[in-house]
Amino acid sequence: QKEVEQNSGPLSVPEGAIASLNCTYSDRGSQSFFWYRQYSGKSPELIMSIYSNGDKEDGRFTAQLNKASQYVSLLIRDSQPSDSATYLCAVNGGGTSYGKLTFGQGTILTVHP
Amino acid sequence: DARVTQTPRHKVTEMGQEVTMRCQPILGHNTVFWYRQTMMQGLELLAYFRNRAPLDDSGMPKDRFSAEMPDATLATLKIQPSEPRDSAVYFCASGFWTAEAFFGQGTRLTVV
């Protein structure tokens, strides 16, 4: 089992729709969770962080965390063509992996006009 | 403008040569990560340091790769000897404990 798994994608949504990206993780002791966006040829850019169960909203982005289910998601409302990118879920481990930041394989999102 | 700085941005080298990549983490950050990204494998963690001490380098091929932090402002990743399969983009990222990590622009390595 991979440490961090994301829905395989690619995901294609029309402009203005909600894009939903999902991620599961295996380390129950994980402390912090992040979503990064990566445009082609660029480095990953942090867009959301979440540390406790529930929802966290920032503009059009909402991150959701459920530690009991070991599940974290990202919702993008009113999707724009500029949101087209690869989205990476990252998890900071606990226990002997404290502070080890592991990434999922990424989900390619395309927003079409 | 705090940012992670990586050099060089691009490197083309011949198989068997030594390659050194450098990273200057954001001032005040105590955790430094080295990642390798390829289309097939995605973003793989090679090694990470906290307060300059290596914590985990299990993702690195030990026979040819080495990572060090000679001081708090410099992290290095060396490959000796380099092989064509090492061709990838290498990223450095820095953070503070388990808070957000920020990435440098990467070093695109091509081994011919």
Exercise. Of the numbered conditions (1) touching a Leu at 6+ places or on another chain (Cβ under 7 Å); (2) hydrophobic (A, V, I, L, M, F, W, C); (3) surrounded by 13 or more Cβ atoms within 10 Å (Cβ to Cβ); (4) over 16 Å from A:Ala90 (Cα atoms), A:Val13 satisfies every one except a single condition; which is it?
Worked result: (1)
For this session: With the checklist (1) among the charged types (D, E, K, R); (2) touching a Gly at 6+ places or on another chain (Cβ under 9 Å); (3) open to solvent by 70 Å² or more (accessible area, probe 1.4 Å); (4) away from chain A (no Cβ under 14 Å) in hand, flag the one item B:Arg3 doesn't pass.
Result: (4)
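Can you name every residue in the range B:8-29 that is open to solvent by 70 Å² or more (accessible area, probe 1.4 Å) and either aliphatic (A, V, I, L, M) or closer than 19 Å to B:Phe49 by Cβ (or both)?
If the condition is that a residue be open to solvent by 70 Å² or more (accessible area, probe 1.4 Å) and either aliphatic (A, V, I, L, M) or closer than 19 Å to B:Phe49 by Cβ (or both), then B:Val12, B:Met15, B:Arg22, B:Gln24, B:Leu27 are the ones that fit.
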Exercise. Assuming B:Val32 fulfils every condition listed in (1) among the hydrophobic types (A, V, I, L, M, F, W, C); (2) open to solvent by 10 Å² or more (accessible area, probe 1.4 Å); (3) assigned to a strand (DSSP E or B); (4) touching a residue at least 60 places away in the same chain (Cβ under 8 Å) apart from one, which condition is it?
Worked result: (2)
For this session: Considering only the range A:26-59, state which residues are away from chain B (no Cβ under 14 Å), open to solvent by less than 70 Å² (accessible area, probe 1.4 Å) and touching a residue at least 12 places away in the same chain (Cβ under 8 Å).
Result: A:Ser26
Exercise. Got a number for residues in the range B:61-81 being part of a loop (DSSP other than H, G, I, E, B) and under 16 Å from B:Ala93 (Cα atoms)?
Worked result: 2
Exercise. With respect to the numbered conditions (1) open to solvent by less than 30 Å² (accessible area, probe 1.4 Å); (2) aliphatic (A, V, I, L, M); (3) touching a residue at least 40 places away in the same chain (Cβ under 8 Å), which one is the sole condition not fulfilled by A:Ala63?
Worked result: (3)
For this session: List every residue pair whose Cβ atoms sit under 7 Å apart, with the two residues 6 or more apart in sequence or on different chains, where the first one lies in the range A:87-100 and is facing another protein chain (nearest Cβ under 9 Å) and the second, anywhere, is open to solvent by less than 10 Å² (accessible area, probe 1.4 Å) and in a helix (DSSP H, G or I).
Result: none
Seminar exercise, completed: Per the list (1) part of a loop (DSSP other than H, G, I, E, B); (2) at pLDDT below 95, residue check on A:Asp78 breaks on (2)
Seminar exercise, completed: With criteria (1) within 11 Å of chain A (Cβ to nearest Cβ); (2) buried (at least 22 other Cβ atoms within 10 Å of the Cβ); (3) of a type outside the set (Val, Ile, Thr), B:Leu77 comes up short on (1)
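Give the number of residues within the range B:46-56 that are surrounded by fewer than 21 Cβ atoms within 10 Å (Cβ to Cβ) and either at pLDDT below 90 or within 8 Å of another protein chain (Cβ to nearest Cβ) (or both). First the steps, then the outcome.
First pass over the range B:46-56, keeping only residues surrounded by fewer than 21 Cβ atoms within 10 Å (Cβ to Cβ): B:46, B:50-56.
Applying the additional criterion that residues be either at pLDDT below 90 or within 8 Å of another protein chain (Cβ to nearest Cβ) (or both) yields B:50, B:55-56.
The total comes to 3.
The values are calculated or read from the model by the stated rules, or taken from the named source; none is laboratory data. Treat the numbers as computed from the prediction; the structure is a model and nothing was measured. Methodologically, a virtual Cβ is constructed for each residue, glycine included, from the backbone with ideal geometry; neighbour enumeration extends over all protein chains shown. These area figures cover heavy atoms from the full protein model, side chains too; ligands, DNA and RNA do not enter into them. Shrake-Rupley method; radii C 1.70, N 1.55, O 1.52, S 1.80 Å.
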